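The values are calculated or read from the model by the stated rules, or taken from the named source; none is laboratory data. Source: prediction; values computed, not measured. Note: ideal-geometry Cβ built from the backbone for every residue, glycine included; neighbour counts use all protein chains shown.
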Amino acid sequence: MSAQGAVPTSITLNIGDKTEILSSLDIDHLTHLETNNYPLLRHKSTIENIDFCPTKILFCNFSLSQSRLYSFSLITRRTPDAKAIEDYVSTLANKTKQEPVDAHFSVNENKVVITEKEQIGQTLDQQASIRLISYGLIHAEEMTNNIMLPLIIIEPKIKAEDMDKLGLVELIGEGSTNFKGSTKSRIYNIERALKQFQNLIIAPNEEFSFVEHLGEVDGEHGYLPELVIKNNQTTPEFGGGICQVSSTVFRTAIYSGLKITARRNHAYPVHYYYPYGMDATVYIPKPDLTFINNTPASILMQSTIEGTKLTFHFYGTKDGREVKVDGPHILEHNPDGSMKTVFTQEVNNADGRNFIRDSFWSNYKSPSLFPHPGQEPNLTSKPKDWTEKEWVAYKKIHP
């Protein structure tokens, strides 16, 4: 038996400006030994059985002379392991991938300016890399043990040169809320959530989803426990205070004349969202706040905090639309704190033709139905949505 196919002690892989070294141990892992029978000319055979045939018996009987039947040798080669190479290249691609970075914009003296230029991304061409590494392992004696692996360029979605094309020209709408009285952890969560929406660009006709852009909300992603309304309680949970951001975005979309496609009010009136009736509660995955950019250009979202006042500004291109907001009006306000409100958004185009007339109704329950930790409800009158039986049972426990 003989061995053929020289295997290099190392191979250098060049990936853009990075290099990876395949050591002898790596090469052993990416190859395996394979033994085959090969015909030899003018060589003594290593096979002494005249009946041996490495292919179909008919081929040997009719195509090979008796002397050739003796002339076969067992040869061991080290050949590429396809699965091992594929797994290695996949790991290498994840290790060397560079995500593209979009250009960033900000506002200076009410004018949109470029703050960061875009960065090109790149990823490994995995199929081509598998072929090149496999070839290098087979033909090591013919190569310099240096392999250049090809890259696929990933263009960023937003480039600095696109600013005028995007139509980021002027302020088209703004909205505000006030978080006065918030705890430090609630303020922290508000500022953390704002990072998900600062410099965000909404394309024309795109439906914006607050939950989608918000992402994961937990301690691992930088949020603190704070009070939220959940399961008929006001209880601490990671991310309490995020609705300050969603409610502010909701108001900005309303005043910008955008089409609201999903919005829900909080379970009970929350003083952070005064005037009541213009809040938008969110929770992963539902409820969500969604709206459509129905303007002719992209919209750039910007937020500012002055004292305890949070304001969102939407920048884009004005199209002559007129936005009228009537309300919010309190239709019903009960002693237990429950209330009903409504406001109307009306949007007309430059010709005066109306294309949005939506009313947003809010039905708030009594805050006492959602006790805080350690706080028991103390109702003095039967809530409207309770039965008489429920009210009698309640009074027995809470005289």
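Numbers at a glance
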| quantity | calculated |
| --- | --- |
| Only one of 242, 254, 284 that is in the same structural domain as residue 371 (by TED's automatic domain parsing) and either over 29 Å from residue 369 (Cα atoms) or of a type in the set (Gly, Ala, Ser) (or both) | 254 |
| Qualifying residue in region 278-296 (condition: part of a loop (DSSP other than H, G, I, E, B), touching a residue at least 40 places away in the same chain (Cβ under 8 Å), surrounded by fewer than 18 Cβ atoms within 10 Å (Cβ to Cβ) and charged (D, E, K, R)) | yes |
| Region 147-158, residues that are buried (at least 17 other Cβ atoms within 10 Å of the Cβ) and either at pLDDT below 90 or within 30 Å of residue 274 (Cα to Cα) (or both) | 147, 156, 158 |
| Given (1) at pLDDT below 70; (2) more than 36 Å from the chain's Cα centre (by Cα); (3) not aliphatic (A, V, I, L, M), index of the condition residue 373 fails | (2) |
| All positions within region 329-354 that are free of Cβ contacts under 8 Å to residues at least 60 places away in the same chain and either within 18 Å of residue 173 (Cα to Cα) or of a type in the set (A, V, I, L, M, F, W, C) (or both) | 330, 331, 344, 346, 348, 349, 350 |
| Residue list for region 108-144, restricted to those being modelled with pLDDT under 80 and surrounded by 13 or more Cβ atoms within 10 Å (Cβ to Cβ) | 138, 140, 143 |
| Residue check, residue 260 part of a strand (DSSP E or B), among the β-branched types (Val, Ile, Thr) and crowded, with 17+ Cβ neighbours inside 10 Å | yes |
| Wholly enclosed helices (runs of 4 or more DSSP H) of region 86-205 bearing at least 1 residues among the small types (Gly, Ala, Ser) | 126-138, 184-194 |
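Every residue, every condition in (1) more than 22 Å from residue 191 (Cα to Cα); (2) under 22 Å from the mean Cα position of the chain (by Cα), yes or no:
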residue	(1), (2)
214	no, yes
226	no, no
238	no, yes
241	no, yes
251	no, no
256	yes, no
